[in-house]
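The values are calculated or read from the model by the stated rules, or taken from the named source; none is laboratory data. In this text the structure is predicted, and so the values were computed from the model without any measurement. Cβ sites come from the backbone with ideal geometry, for glycine too, and all protein chains shown count toward neighbours.
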Amino acid sequence: MTWKYIFLLKAVINWVESIALLLTDSWIREWLGQPPLTNPEYLHLFLVLVFVIGLGYWWVGNDISHNHGIVKLGILAQSSVFIVLAYHTLVRSLHPFYLIPGVIDLSFAILFGLFLYSYGRIKPALE
């Protein structure tokens, strides 16, 4: 497994997700029987940030010996996305379909943690 391609893949996933959700969120909400967003600008802000974080992953993928701060930020961002989506799924304010990107993000957060551990940038929790 090469770390470079994992970061480049995550960059592309971020870009595709952000553009796809920007173009299809209202259709998906209608299909799932959920009301339209009251303030769609928050979704747009979030999707722009997802796209920008994808740029960071692209930078890391092109030079995996540097930009480890971006990786740490990505771990926090991806874990936060999962936590927020899981919470809203549990309290039933969000359809479970929206948890799928959160699970993908959590999986990559774990992979990125393994990457940092393999580079000696983080210490095991039990040390």
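Close Cβ contacts (under 8 Å, 6 or more residues apart or on different chains) running from residues in the range 41-54 that are in contact (Cβ under 8 Å) with a residue 40 or more places away in the chain to residues that are hydrophobic (A, V, I, L, M, F, W, C) comprise Gly54/Ala11; Gly54/Val12; Gly54/Ile13; Gly54/Trp15. Residues in the range 50-88 that are part of a loop (DSSP other than H, G, I, E, B) and either on the phi > 0 side of the Ramachandran plot or among the basic types (Lys, Arg) (or both): Asn67 alone.
State whether one or more residues within the range 49-67 are closer than 18 Å to Ile100 by Cα, at pLDDT below 95 and exposed (fewer than 11 other Cβ atoms within 10 Å of the Cβ). No, the conditions are met nowhere in the range 49-67. Is the range 24-46 home to any residue that is at pLDDT below 90, in contact with a Ser or Thr (Cβ under 9 Å, 6 or more places away or on another chain) and either on the phi < 0 side of the Ramachandran plot or surrounded by 13 or more Cβ atoms within 10 Å (Cβ to Cβ) (or both)? Yes, the range 24-46 has at least one match. Note on the range 9-33: residues that are touching a residue at least 24 places away in the same chain (Cβ under 8 Å) and β-branched (Val, Ile, Thr) total 4. Kindly indicate whether any position in the range 100-113 is loosely packed, with under 14 Cβ neighbours inside 10 Å and among the aromatic types (Phe, Trp, Tyr). No: the range 100-113 contains no residue that is loosely packed, with under 14 Cβ neighbours inside 10 Å and among the aromatic types (Phe, Trp, Tyr). Quick check: is even one residue across the range 89-103 within 17 Å of the chain's Cα centre (by Cα), modelled with pLDDT of 95 or more, part of a helix (DSSP H, G or I) and among the hydrophobic types (A, V, I, L, M, F, W, C)? Yes, the range 89-103 contains a residue that is within 17 Å of the chain's Cα centre (by Cα), modelled with pLDDT of 95 or more, part of a helix (DSSP H, G or I) and among the hydrophobic types (A, V, I, L, M, F, W, C).
Just name the residue that is farthest from Trp59 (Cα to Cα) out of those in the range 1-35 that are in contact with a His (Cβ under 8 Å, 6 or more places away or on another chain) and assigned to a helix (DSSP H, G or I). Taking the candidates together, the pick is Leu32.
Report whether or not Phe115 is outside any loop (DSSP other than H, G, I, E, B), under 27 Å from Val60 (Cα atoms) and either touching a Pro at 6+ places or on another chain (Cβ under 7 Å) or not polar (S, T, N, Q) (or both). Taking the combined requirement at face value, the residue satisfies it.
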